[in-house]
Amino acid sequence: MDPLFFKLARVVNLTARPFQESIGRKHQLTLNEWRVLSLLGAEPGLTATQVAELTGMDKMSASRAIAGLSRRRRLQRHDDPADQRRSRLYLTATGKTLCNTVGALAQAREAALFAKVKPADLSRLDGILDTLLASVAADGRAGD
């Protein structure tokens, strides 16, 4: 029997591969860029540090994703009025359109992936993942 962590990693890898092979290539979008795009579509005005924390990416990966989105004019930076040393990140009109387009494809993919899972099991999984995320976040803070 595979360890639980291995299963989690495998699920992520197996679901990410089709994204990159179809949606990513078609829209010139990496998986990490999609994560940032999706997050900023839901929560505009985050800082790069917040993006890294909320996506679970390391700062370098988040920085690369932000830079890639910026190069393709999908994201723009605005100075933070409260702290001129940092900037806030927002999607451009092009970024918002792409976020909506890819978001619809991602929702369809998610529905297909979970079609054979009972709603009660999905609800339990959702709660378990929330608990796991909170635990991981608490462990990360304890190590600071």
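What follows draws every value from the coordinates through simple rules; no lab data is involved. Source: prediction; values computed, not measured. Please note: Cβ atoms are built from the backbone with ideal geometry, for glycine as well, and neighbour counts cover all protein chains shown.
Taking 7 Å along the Cα-to-C-beta vector as the label spot, tell me the residue 8-residue 70 distance in nanometres, rounded to one decimal.
Label-label distance for residue 8 and residue 70, simple model: 3.1 nm.
Taking H as built 1.01 Å from N, whose amide H comes closer than 5 Å to the amide H of residue 46, not counting residues under 5 places away?
Those lying under 5 Å, H to H, from residue 46 are 89.
Return the tail of the calculated pair distribution for region 45-119, meaning the percent of Cα-Cα pairs more than 14 Å apart.
Working: 1923 of 2775 pairs.
For region 45-119, the fraction of Cα-Cα distances above 14 Å is 69 percent.
Select from the chain the helices, each a whole stretch of DSSP H, whose alpha-carbon atoms run 24 Å or more along the helix axis and whose Kyte-Doolittle mean is at least -1.0; answer none if there are none. Can you show the working numbers first?
Details: long enough: 93-113 (30 Å, 0.34); 119-142 (34 Å, 0.37).
Span-like helices here: 93-113, 119-142.
List nothing, just return the count: lysine pairs in the chain, 8 or more apart or interchain, with Cα separation under 27 Å. Before the final figure, lay out each step's value.
Details: 7/59; 7/116; 7/118; 26/59; 26/96; 59/96.
Qualifying lysine pairs in the chain: 6.
So what is the calculated 222 nm ellipticity per residue for the chain, using -39500 (n - 2.57) for each DSSP H run with n of 4 or more, over all residues, to the nearest 500 deg cm²/dmol?
Working: 6 runs with 93 residues, N = 144.
After summing the helix terms and dividing by residue count, I get -21500 deg cm²/dmol.
Taking 2.2 N^0.38 Å as the expected size of a compact globular protein, what ratio does the Cα radius of gyration of region 1-61 give against it, to two decimals?
Details: Rg = 13.6 Å, N = 61, 2.2 N^0.38 = 10.5 Å.
Compactness ratio reported: 1.29.
Determine by what factor the alpha-carbon radius of gyration of region 89-130 differs from 2.2 N^0.38 Å, reporting the quotient.
Working: Rg = 14.4 Å, N = 42, 2.2 N^0.38 = 9.1 Å.
Relative to the 2.2 N^0.38 Å estimate, region 89-130 comes out at 1.58.
Give me the net charge for the shell around residue 88: Cβ to Cβ below 13 angstrom, other residues only, Lys and Arg +1, Asp and Glu -1. Mind showing how you got there, number by number?
Working: positive: 77, 85, 86; negative: 43, 79, 80, 83.
Result for the neighbourhood of residue 88: -1.
Using the basic label-point model (7 angstrom from Cα toward the beta carbon), what is the residue 92 to residue 131 distance in nanometres?
Placing both labels 7 Å along Cα→Cβ, they lie 4.5 nm apart.
Please grab the % of Cα pairs in the chain that end up more than 25 Å from each other. Before the final figure, lay out each step's value.
Details: 3757 of 10296 pairs.
Taking all Cα-Cα pairs of the chain, the fraction more than 25 Å apart is 36 percent.
When ranked by the protection proxy of mean other Cβ atoms within 10 Å per residue, highest first, what sequence do the peptides 69-76, 129-136 form? All intermediate terms of the calculation are to be shown ahead of the outcome.
Values: 69-76: 17.4, 129-136: 10.6.
Taking the mean over residues of other Cβ atoms within 10 Å, the ranking is 69-76, 129-136.
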